[in-house]
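To keep things clear, I will list the structure first and then write my remarks on it.
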Amino acid sequence: MTVETDRSEKFAAYAHPERLVSGDWLEAHLGEPGLVVVESDEDVLLYETGHIPGSVKIDWHTDLNDPVQRDYIDGAAFAELVAGKGISRDSTVVIYGDKNNWWAAYALWVFTLFGHDDVRLLDGGRDKWIAEGRPITTDRTVTDAATYPVVERRDDAIRAFKDDVLAHFGHPLIDVRSPEEYSGERTTAPAYPEEGALRAGHIPTAANVPWAKAAADDGTFKPVAELDAIYRDGAGLEQGEPVIAYCRIGERSSHTWFVLTHLLGFENVRNYDGSWTEWGSAVRVPIATGAEPGAAPSTTPAK
Amino acid sequence: MTDHTLPSALADIRDDFLALEQRERLEMLLEFSNELPELPARYQEHPDLFERVVECQSPVYIFVEVEPDSVVHLYATAPKEAPTTRGFASILVQGIDGLTVDEVLGIPDDFPNTLGLTAAVSPLRIRGMTALLGRTKRQIRERIAA
């Protein structure tokens, strides 16, 4: 059972308006059968300090990543996780979170790896919801466990691995990190912890479009005309071309993946979640430094 | 790891965490977060004295005071929107305040990894607490060398 889509005028201009809901829409639909609201934040305790009534928490690190291997959880673990949150295969899932929906977009991307059909973001996320004085509670959400099928994760359509990137030269790459990380001055976002990359810089030919450029001051997504100016006019993306986006561990680029796929309608966008923590430590992969994208390597290095 | 250098206040906090189920450990961390004391008035108007712990994902600042008799006081401030970081800071503030210089410097550097929070919070996030402890010790060494 799916819940009706938000027909706000702002969303209608996007390629897939059904992927966003507004605060007004969500407040009006809270508690409706078939709807599950999920909070996904950078801080693992933020949900506990107050959350949308009836919402459940999914943590990007402790829930969605495999605890041992550097990979996402498998189909069985995903089914167990989301069923425990009251999510069925046909649930409408609305995800919201802190920091312009940074981690909410990451969770949405992982839901998409498992082919969950109806998953949406709350435009503006947690901060805007609170700023608008909408209801927040610390009451523990009691959910009835649902049943969710074990679905095999499908990585090929929206996820890129290192070898995919090596084979991708000649097509557009988007580096969504800060200019300092892109140029090679540093390997982590300003004020973020070192996550281990041995070399600094960017993948040659990648255009630098920091992820937060897609967000307005209030954390909502910018209107389609402004997004077109950033990604089509600015970064030179053209409809029909395959695109790979990356950042440091694939979270910020999930946000850009959402914008390109669901708001601008690009049909072949993949997120390289190995991102700089893999590329910047891999042996014999090409790296460019400085503010310019740099040229594609003439030969593909040994794998 | 040897236990005899871990001050009793910190050992008690560690034992309290380890006695709980994973989910309850997160709740206790939130309680610590809520208990982080406000800065004393004399420091509220002196953000310049505080050092940013850049290893933490959220803006957290610390300042260490060493009294003439070697008693240590740790002050920390972090936003309400960063409850995990506040919780880490609060554990150290409560566990360290009133100890002597030697006692604080003797705290094992891997203390944050012994709280049983790695699974509930993730190893990545625990690193922020390790950095808090490391910077606290460094400030103490600077104060006593001055």
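The values are calculated or read from the model by the stated rules, or taken from the named source; none is laboratory data. Bear in mind the structure is a predicted one, so any value in this text is a computation, not a measurement. Note: ideal-geometry Cβ built from the backbone for every residue, glycine included; neighbour counts use all protein chains shown. For the accessible areas, the whole protein counts, side chains as well, though only heavy atoms, and no ligand, DNA or RNA atoms are used. Shrake-Rupley method; radii C 1.70, N 1.55, O 1.52, S 1.80 Å.
Which members of segment A:256-278 meet the condition of being closer than 16 Å to A:Ala207 by Cα and of a type outside the set (A, V, I, L, M)?
Scanning segment A:256-278 gives A:Thr256, A:Trp257, A:Arg270, A:Asn271, A:Tyr272, A:Ser275, A:Trp276.
Among the residues of segment A:132-142, is any away from chain B (no Cβ under 14 Å), of a type in the set (A, V, I, L, M) and open to solvent by less than 30 Å² (accessible area, probe 1.4 Å)?
no
Could you say whether any residue in segment A:31-52 is crowded, with 21+ Cβ neighbours inside 10 Å, part of a loop (DSSP other than H, G, I, E, B) and among the hydroxyl-bearing types (Ser, Thr, Tyr)?
yes
Inspect segment A:288-295 for any residue being in a helix (DSSP H, G or I) and within 19 Å of A:Pro210 (Cα to Cα) and give the result as yes or no. Outline the logic, then answer.
Taking segment A:288-295 and keeping what is in a helix (DSSP H, G or I), we get none.
No, because not a single residue in segment A:288-295 is in a helix (DSSP H, G or I) and within 19 Å of A:Pro210 (Cα to Cα).
Check A:Val110, A:Val151 and return the single one that is open to solvent by less than 10 Å² (accessible area, probe 1.4 Å) and away from every other protein chain (no Cβ under 14 Å).
Going through A:Val110, A:Val151 in turn, the sole match is A:Val110.
Quick check: is even one residue across segment A:247-266 within 14 Å of chain B (Cβ to nearest Cβ), open to solvent by 10 Å² or more (accessible area, probe 1.4 Å) and of a type in the set (Asp, Glu)?
Checked against the condition, which is being within 14 Å of chain B (Cβ to nearest Cβ), open to solvent by 10 Å² or more (accessible area, probe 1.4 Å) and of a type in the set (Asp, Glu), segment A:247-266 yields no hits at all.
With respect to A:Trp103, determine if the residue is touching a Phe, Trp or Tyr at 6+ places or on another chain (Cβ under 6 Å), within 14 Å of chain B (Cβ to nearest Cβ) and not in a loop (DSSP other than H, G, I, E, B).
Numbers: touching a Phe, Trp or Tyr at 6+ places or on another chain (Cβ under 6 Å): yes; within 14 Å of chain B (Cβ to nearest Cβ): yes; not in a loop (DSSP other than H, G, I, E, B): yes.
It is true that A:Trp103 is touching a Phe, Trp or Tyr at 6+ places or on another chain (Cβ under 6 Å), within 14 Å of chain B (Cβ to nearest Cβ) and not in a loop (DSSP other than H, G, I, E, B).
Residue by residue, here is whether (1) open to solvent by 40 Å² or more (accessible area, probe 1.4 Å); (2) of a type outside the set (Lys, Arg); (3) modelled with pLDDT under 95 holds:
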residue	(1), (2), (3)
B:Val64	no, yes, yes
B:Glu67	yes, yes, yes
B:Ala76	no, yes, yes
B:Ala82	no, yes, yes
B:Thr100	yes, yes, no
B:Gly116	no, yes, yes
B:Ala120	no, yes, yes
B:Ala131	no, yes, yes
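Looking at segment A:257-275, which of its residues are touching a strand residue (DSSP E or B) at 6+ places or on another chain (Cβ under 9 Å) and either in a loop (DSSP other than H, G, I, E, B) or at pLDDT below 95 (or both)? Before you say what the answer is, go through the steps one by one.
Taking segment A:257-275 first, the residues touching a strand residue (DSSP E or B) at 6+ places or on another chain (Cβ under 9 Å) are A:257-263, A:266, A:268-275.
Answer for segment A:257-275, where residues must be touching a strand residue (DSSP E or B) at 6+ places or on another chain (Cβ under 9 Å) and either in a loop (DSSP other than H, G, I, E, B) or at pLDDT below 95 (or both): A:Phe266, A:Asn268, A:Asp273, A:Gly274.
Out of B:Tyr61, B:Tyr43, which single residue is of a type in the set (Ser, Thr, Tyr) and away from chain A (no Cβ under 13 Å)?
Values: B:Tyr61 fails: away from chain A (no Cβ under 13 Å).
Sole residue among the options that is of a type in the set (Ser, Thr, Tyr) and away from chain A (no Cβ under 13 Å): B:Tyr43.
Can you pull out every residue in segment A:53-97 that is under 15 Å from the mean Cα position of the chain (by Cα), in contact (Cβ under 8 Å) with a residue 24 or more places away in the chain and either within 23 Å of A:Trp276 (Cα to Cα) or open to solvent by 30 Å² or more (accessible area, probe 1.4 Å) (or both)?
The answer is A:Trp60, A:Leu64, A:Tyr72.
For segment A:74-100, give me the residue count where each residue is part of a helix (DSSP H, G or I) and of a type outside the set (Phe, Trp, Tyr). Reasoning before the result, please.
Taking segment A:74-100 and keeping what is part of a helix (DSSP H, G or I), we get A:75-84.
From what is left, the residues that are of a type outside the set (Phe, Trp, Tyr) are A:75-77, A:79-84.
Result for segment A:74-100: 9.
Looking at B:Leu20, B:Leu26, B:Leu30, B:Leu36, which one is away from chain A (no Cβ under 14 Å), surrounded by 12 or more Cβ atoms within 10 Å (Cβ to Cβ) and closer than 20 Å to B:Ala120 by Cβ? Don't jump to the end; show me each part of the working.
Details: B:Leu26 fails: away from chain A (no Cβ under 14 Å); B:Leu30 fails: away from chain A (no Cβ under 14 Å); B:Leu36 fails: away from chain A (no Cβ under 14 Å).
Being away from chain A (no Cβ under 14 Å), surrounded by 12 or more Cβ atoms within 10 Å (Cβ to Cβ) and closer than 20 Å to B:Ala120 by Cβ holds for just one of B:Leu20, B:Leu26, B:Leu30, B:Leu36, which is B:Leu20.
Is there any pair linking a residue in segment A:262-273 that is under 21 Å from A:Phe11 (Cα atoms) to one that is assigned to a helix (DSSP H, G or I) and open to solvent by 10 Å² or more (accessible area, probe 1.4 Å), with Cβ under 6 Å and at least six apart or on different chains, and which?
Partner pairs satisfying both residue conditions: A:His262/A:Arg19; A:Val269/A:Thr261.
Within segment A:183-216, how many residues are open to solvent by less than 20 Å² (accessible area, probe 1.4 Å), in contact with an Asp or Glu (Cβ under 6 Å, 6 or more places away or on another chain) and at pLDDT 95 or above?
Result for segment A:183-216: 2.
Among the residues of segment B:1-52, which ones are within 19 Å of B:Pro108 (Cβ to Cβ) and assigned to a loop (DSSP other than H, G, I, E, B)?
B:Met1, B:Thr2, B:Asp3, B:His4, B:Thr5, B:Leu6, B:Pro7
Counting only residues that are of a type outside the set (Lys, Arg), more than 13 Å from every other protein chain (Cβ to nearest Cβ) and in contact with a strand residue (DSSP E or B) (Cβ under 8 Å, 6 or more places away or on another chain), give me the helices (runs of 4 or more DSSP H) lying completely in segment B:74-146 with at least 2 of them. Break it down stepwise before answering.
Working: elements: B:83-96, B:101-105, B:118-121, B:123-145.
Filter on segment B:74-146 gives B:83-96, B:101-105, B:123-145.
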